1. Quick check on my filter: what residues within region 200-255 are more than 35 Å from the chain's Cα centre (by Cα) and among the hydrophobic types (A, V, I, L, M, F, W, C)?
2. Collect the residues in region 236-255 that are open to solvent by 50 Å² or more (accessible area, probe 1.4 Å) and assigned to a loop (DSSP other than H, G, I, E, B), keeping them in residue-number order.
3. Any chance region 186-196 includes a residue that's touching an Asp or Glu at 6+ places or on another chain (Cβ under 6 Å), charged (D, E, K, R) and surrounded by 18 or more Cβ atoms within 10 Å (Cβ to Cβ)?
4. Is it fair to say P231 is modelled with pLDDT of 95 or more and not hydrophobic (A, V, I, L, M, F, W, C)?
5. Here is a check on your reading of the model: is L172 under 33 Å from the mean Cα position of the chain (by Cα), at pLDDT below 95 and surrounded by 13 or more Cβ atoms within 10 Å (Cβ to Cβ)?
6. For region 110-163: of the residues being assigned to a loop (DSSP other than H, G, I, E, B) and polar (S, T, N, Q), which is farthest from the chain's Cα centre (by Cα)?
7. Look at region 203-234 and say how many of its residues are open to solvent by less than 50 Å² (accessible area, probe 1.4 Å) and either under 17 Å from Q121 (Cα atoms) or hydrophobic (A, V, I, L, M, F, W, C) (or both).
Amino acid sequence: MNRLNSIALLAGGVLVAVAATGCSSNPAKSAAAGPAAGSSSTLGAPGAPSTSTTSLPSAPGSASSSVSAPSGGASSSAAGAPSTGAPAAGGATTAASAPPVSHPACANAQLNASLAQGDGQSPAIAIIAVKNTGPTCLINPIPYVWIVKSPTDPSDELRPLVPGGTPGTAKLQTILTNTTLYAAVDVNPNSVPDTPQGYNYLEVTANPSKNTSGKDVQDVKLPMTANVSGPKLGVYTTNPSSAIDALQYSNTPES
């Protein structure tokens, strides 16, 4: 082979090598040029909705997860977060209140009548204590009382004066289980010296009603024989002292 041919062949080999080198990719330049075709992240025009999902790298030992880019740049609230907006039109803003509890009328069989003692109590005053031994119930605001000489002697029965008002219109009271209400009786409020004598009992119906019968009456013995004149009966209260104070309003014969 002559020298010219050798030079020509050598020059051709150099050109081929240069051409091959020029076709190779520069790793550093390729990484800086942006994601390769087929990448899972695509940036759209500003304000345009995102159409792809960006895969985030997972922490070691955790499952991989993907986060969708919000449409139009709006942030989305966490699932299950409470709404802070105004209620929908017509919607209720507060929970419905529970209906009031209704209690039955007290049965006289569950009401035990006895006498109680008050501070500074006059000998002419007796305090009736009515204890509810049954469930919570409704009771009339005043007992029904006869003042008698003996449970077996119906003669000379006396009825005390009661608070004024229209009979049957007074509001019922609630008496809780195992609690006691008190009503005072003054058999001689004006301290009249010449009075009928020999009264020893109070016949008490703790919760009088239209259906009250003789079996509802309880005989309560007075501590001493009483002289009776213009007796008064007060309404039920929660303690003996207030029961005595309530006597001042009793000025009406019971019809």
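1. Those that are more than 35 Å from the chain's Cα centre (by Cα) and among the hydrophobic types (A, V, I, L, M, F, W, C): L202, V204, V217, V220, L222, M224, A226, V228, L233, I244, L247.
2. Restricting attention to region 236-255, the residues satisfying the condition of being open to solvent by 50 Å² or more (accessible area, probe 1.4 Å) are 238-239, 241, 245, 248-249, 251, 253-255.
Selection gives T238, N239, E254, S255.
3. Step one: list which residues in region 186-196 are touching an Asp or Glu at 6+ places or on another chain (Cβ under 6 Å), which gives none.
Checking region 186-196: not a single residue is touching an Asp or Glu at 6+ places or on another chain (Cβ under 6 Å), charged (D, E, K, R) and surrounded by 18 or more Cβ atoms within 10 Å (Cβ to Cβ).
4. Working: modelled with pLDDT of 95 or more: yes; not hydrophobic (A, V, I, L, M, F, W, C): yes.
Yes.
5. On the way: under 33 Å from the mean Cα position of the chain (by Cα): yes; at pLDDT below 95: yes; surrounded by 13 or more Cβ atoms within 10 Å (Cβ to Cβ): yes.
For L172, the condition - under 33 Å from the mean Cα position of the chain (by Cα), at pLDDT below 95 and surrounded by 13 or more Cβ atoms within 10 Å (Cβ to Cβ) - is met.
6. Step one: of region 110-163, the residues assigned to a loop (DSSP other than H, G, I, E, B) are 117-124, 133-136, 140-143, 149, 151-152, 154-157, 159-160.
Applying the additional criterion that residues be polar (S, T, N, Q) yields 117, 121-122, 133, 136, 140, 152, 155.
Numbers: Q117: 38, Q121: 41, S122: 45, T133: 27, T136: 19, N140: 27, T152: 51, S155: 54 Å.
Taking the candidates together, the pick is S155.
7. Number satisfying all stated conditions: 9.
Here's the yes/no breakdown for (1) open to solvent by less than 90 Å² (accessible area, probe 1.4 Å); (2) aliphatic (A, V, I, L, M); (3) modelled with pLDDT of 90 or more; (4) out of contact with any Lys or Arg (no Cβ under 7 Å at 6 or more places or on another chain):
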position	(1), (2), (3), (4)
T94	no, no, no, yes
P100	no, no, no, yes
S114	yes, no, yes, yes
D119	no, no, no, yes
I125	yes, yes, yes, yes
I139	yes, yes, yes, yes
S150	yes, no, yes, yes
L161	yes, yes, yes, no
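The values are calculated or read from the model by the stated rules, or taken from the named source; none is laboratory data. Since the structure is predicted, the reported quantities are computational estimates derived from the model, not experimental observations. Cβ atoms come from the backbone with ideal geometry, glycine included; neighbour counts cover every protein chain shown. All accessible areas refer to the heavy atoms of the entire protein, side chains included, with ligands and DNA or RNA removed. Shrake-Rupley method; radii C 1.70, N 1.55, O 1.52, S 1.80 Å.
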